[in-house]
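Let me begin by presenting the structure, written as structure tokens, before commenting on it.
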Amino acid sequence: MRIPILEVRNLVKQYAAVTAVDGVSFAVSEGVCFGLLGPNGAGKTTTIEIMEGILAPTAGEVRYRGGPVGRNFREAAGILFQKTALQDFLTIRQSLALFRGLYARGMEVDEVIRLCALEKLQDRDTRKLSGGQQQRLLLAIALVNDPAVLFLDEPTTGLDPQARRNFWELVQSIKARRKTIILTTHYMEEAELLCDEIAIMDRGKIIAQGAPRDLLRQHFAEVLLELPRQQLPPAARELSLRLIEAGDRIEITTNDLDGTLRQLMDAQVPLKELRIRPPNLEDLFLELTGKELRA
Amino acid sequence: MMKRMLAVWHARNLEFVRDRGTLIFTILLPLTLIVGMSFVFGGKERALFKVGVLVQDLKTVSHPFLKERYVDFVAAPDRDAAIRKVARHEMDLLLDSQGTPPRYWVNTTSPKGYIVEKLLLESDRTAQRQPVTGDAVRYVDWLFPGILGMNMMFSCLFGVGYVVLRYRKTGFLKRLHATPLSAFEFLSAQVLSRLCLTLGITIILYVGVSNIIHFHSAGSLLLLFGIGLLGALSLIALGLTVAARFSAEELVGGLLNVLTWPMMLLSGIWFSLEGSPQWVQAIAKIFPLTHVLDAARAVMLDGAGFTQIAPSLGYLAVTTLIFLVFGAWSFRWRVD
């Protein structure tokens, strides 16, 4: 069996009265994009910062290529934090040169500028970048040492949809270089698009783990029906259907679409606003925790 | 409008009051200043003349002249240094009361020396005159090292203190921590960067101002550079001890003020502490800036050599080491 590039064993992080990470274990194979999903406060960032070596765990350990993570791991890791300010009065090229100078090995600054499509911005002051441009620069900085493992902590939070899509394309091109990526996010679309494997966290624990498609297959029947909550008469709640309340909607999961539709019509449920779609990771989180991911 | 203003006013007050460190220093700083200045400037009436007495401790001698009012008598254990001061008008008269007959040195071109000599001879006609000649040190010449030193102190303490604080607050330090960069490497780079800037600026100021006021150093410029180098290192390292850990701007500002103001008053930037109580002088000797200025004045005004200023250089080197070790030990990459 191949040794995983990264392995997390029984990780615990305790702050005064709060257990931010509570016995988390998982392994990441080389070349995989591994997603840590969960709502704010689930313990994703704490877990990833312990993996990066920025935070010390209360208990448990992180192993890199079968051995304990030491200071040398910093040469092999590229990191994009949720929030990072850069040194003032430097251009993109100068900022990249600064970080390149901190590593023994890595890519040429020109190469990383090209990879992250920063050619036209390279002489611009980093304080004058848009949110999307700033994230591209921070990704470039994370890549400047040509890392074996790339940590991306909620990299697209706060970006507009267009900038988010551009960023996803960039990450996909990096994935194609067989880099191992650890990604935290609360955007399910992002996880579905980029991740080969995910671990869903809630209150410091992993509540589900696997390939997104496998997880959906394990937890859901074929399809999911969505109805506005007010259109479901009380009588319909007595039907033998699997109902989940999701905000102002009711979700019904079934593997017998015809039978379910017949039951709803017999109960005189208006179907004008009915939506039928395959379940996604958002539904999975709802199914597992009974609450919405971004609640 | 009032409601909005009150909401912001209230929130800001809460922020300030709950930041305990800042609150304490806001109260402590002016209190310390008032108490300190009352000791330095308060007490006995201001003297008109300064007379050195060739003795280790003034309490061990008695002479009728020592009872004169408006004369500041100071112990002058080093005869040559004291005579040099008389020659430069920094001391109006030097008395050796234990000799038989007693002797005194006075600058024949000093008006204050002329008057204080008359006072001495009124109380002791047997005293033997030892004439000394020499031009007065202009106040601007005496002040020049003080101003350079003060500028160096602010540049080192605030330049390093606030920059590291800003890096920590914005998360830039945390990002650097994720790289192979060690705390020692980071701090050394900060020290060296500030050292180059401070020395560069000090050299420019020295050359520019000495041309304007027609000043020529009596001693070696290389020695002066050495004093500047070690002084700047010690002050930068002191700044790092403050910036190493804290994240609150007002607290760091308060701490830096607590360090700079006593140095402003007691390190001899504006006036000499000669004649002030021994314990005030002992406190002044704690500050690196006092050693920078004492050594710089000795070289610039008296032409002192390496051996005369070696104790000051040694003190600056030792404090640099202590501050750097403490700074590196207490350094935090991120906001706690």
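Since every read-out is calculated from the coordinates, none of them should be taken as a lab result. Nothing here was measured: the structure is a model prediction, and the numbers come from that model. Using ideal geometry, Cβ is built from the backbone for each residue, glycine included, and neighbour counts are taken over all protein chains shown.
How big is the convex hull of the Cα atoms of the range B:49-132, per residue, in Å³?
In the range B:49-132, the Cα hull volume divided by residue count equals 78 Å³.
What full-extension length gain, to one decimal in nm, is calculated for B:I147 and B:E274 as 0.36 nm per residue of separation minus the Cα-Cα distance?
43.9 nm
Give the residue from A:G23, B:W329, B:V140 lying farthest towards the positive end of the charge dipole for the protein assembly as shown; charges sit on Cβ (+1 for Lys and Arg, -1 for Asp and Glu) and the dipole is referred to the Cα centre.
Positive-end residue among those listed: B:V140.
For chain A, modelled as a GNM with alpha-carbon contacts under 10 angstrom, which of A:K205, A:K83, A:K44 fluctuates the most?
A:K83
Report, ordered by chain and residue number, the lysines lying within cross-link reach of A:K272, taken as a straight Cα distance under 29 Å and ignoring same-chain residues fewer than 8 apart.
Filter leaves A:K291.
Tabulate in residue order the Karplus-calculated ³J(HN,Hα) for the range B:210-217, using 6.51 cos²θ - 1.76 cosθ + 1.60 with θ = phi - 60°, rounded to whole Hz; enter x for Gly and Pro.
Karplus-based 3J(HN,Hα) across the range B:210-217 equals 5, 6, 5, 9, 6, 9, 10, 5 Hz.
Give the residue from A:L239, A:G101, B:A310 lying farthest towards the positive end of the charge dipole for the protein assembly as shown; charges sit on Cβ (+1 for Lys and Arg, -1 for Asp and Glu) and the dipole is referred to the Cα centre.
B:A310
Assuming R0 = 30 Å, can you tell me the calculated FRET efficiency for the pair B:V258 and A:V12, based on Cβ-Cβ distance, to the nearest 0.05?
So, using R0 = 30 Å, E works out to roughly 0.15.
Per q in 0.18, 0.20, 0.23, 0.31 1/Å, what log10 I(q)/I(0) does a Debye calculation on the alpha-carbon atoms of the range A:221-278 return?
Cα-only, vacuum Debye calculation for the range A:221-278: -0.52, -0.65, -0.90, -1.76.
Cross-link list A:K83/B:K169; A:K44/A:K205; A:K44/A:K128; B:K85/B:K112: which exceed 20 angstrom alpha carbon to alpha carbon?
A:K44/A:K128
Placing unit charges on C-beta atoms (Lys and Arg positive, Asp and Glu negative, everything else neutral), compute the dipole magnitude of the range B:129-257 about its Cα centre in debye, rounded to 20.
360 debye
Just the number, please: percent antiparallel of the DSSP beta bridges in chain A, rounded to the nearest 5.
Antiparallel: roughly 65 percent of the beta bridges in chain A.
Quantify how much of the Cα-Cα distance distribution of chain B extends past 29 Å, in percent.
Values: 28316 of 56280 pairs.
Value for chain B (Cα pairs over 29 Å): 50 percent.
Can you give the angle from 0 to 90° between the axis of helix B:139-170 and the longest principal axis of chain B, with both taken from C-alpha atoms, to the nearest 10?
20 degrees
Suppose we look only past 25 Å in the calculated P(r) of the range A:1-156. What percent of the Cα-Cα pairs does that tail hold? Each step should come with its number before you reach the end.
Details: 4275 of 12090 pairs.
Value for the range A:1-156 (Cα pairs over 25 Å): 35 percent.
If you place +1 on the Cβ of every Lys and Arg and -1 on the Cβ of every Asp and Glu, how big does the dipole about the Cα centre of the range A:221-278 come out, in debye to the nearest 20?
Using only the charged Cβ atoms, the result is roughly 120 debye.
With N set to the number of residues, divide the alpha-carbon radius of gyration of chain A by 2.2 N^0.38 Å and report two decimals.
Against the compact-globule rule of thumb, the ratio is 1.15.
List the residues whose amide H sits under 5 Å from the amide H of B:G134, counting only those 5 or more places along or on another chain, with H placed 1.01 Å from N in the peptide plane.
Under 5 Å from the amide H of B:G134: B:T109.
If I build a Gaussian network model for chain B, linking alpha-carbon pairs within less than 10 angstrom, which residue out of B:L94, B:L187, B:L120 has the largest mean-square fluctuation?
Result: B:L120 has the largest fluctuation of those listed.
For chain A, what is the relative contact order in percent, using Cα pairs closer than 8 Å and at least 6 residues apart in sequence?
Numbers: 544 pairs, mean separation 60.4, N = 295.
Reported as a whole number, the value is 20 percent.
Looking only at Cα atoms, what is the convex hull volume of the protein assembly as shown per residue, in Å³?
Details: hull volume 147.7 nm³, N = 631.
Cα-based convex hull of the protein assembly as shown, divided per residue, equals 234 Å³.
Would you compute the Debye intensity of the range A:194-295 from its alpha-carbon atoms alone, equal scatterers and no solvent, and pass along log10 I(q)/I(0) at q = 0.12, 0.13, 0.19 Å⁻¹ to two decimals?
For the range A:194-295, the Cα-only Debye profile gives -0.43, -0.50, -0.94.
Quote the FRET efficiency, to the nearest 0.05, computed for A:E30 versus B:T109 with a Förster distance R0 of 56 Å and r equal to the Cβ-Cβ distance.
Efficiency, from the Cβ-Cβ distance: 0.05.
Per the helix-only calculation at 222 nm, which mean residue ellipticity applies to the protein assembly as shown, given -39500 (n - 2.57) for every DSSP H run of n ≥ 4 and division by its residues, nearest 500 deg cm²/dmol?
Taken over the protein assembly as shown, the calculation gives -15500 deg cm²/dmol.
Any chance you could tell me what percent of the C-alpha pair distances in the range B:116-257 go past 24 Å?
51 percent
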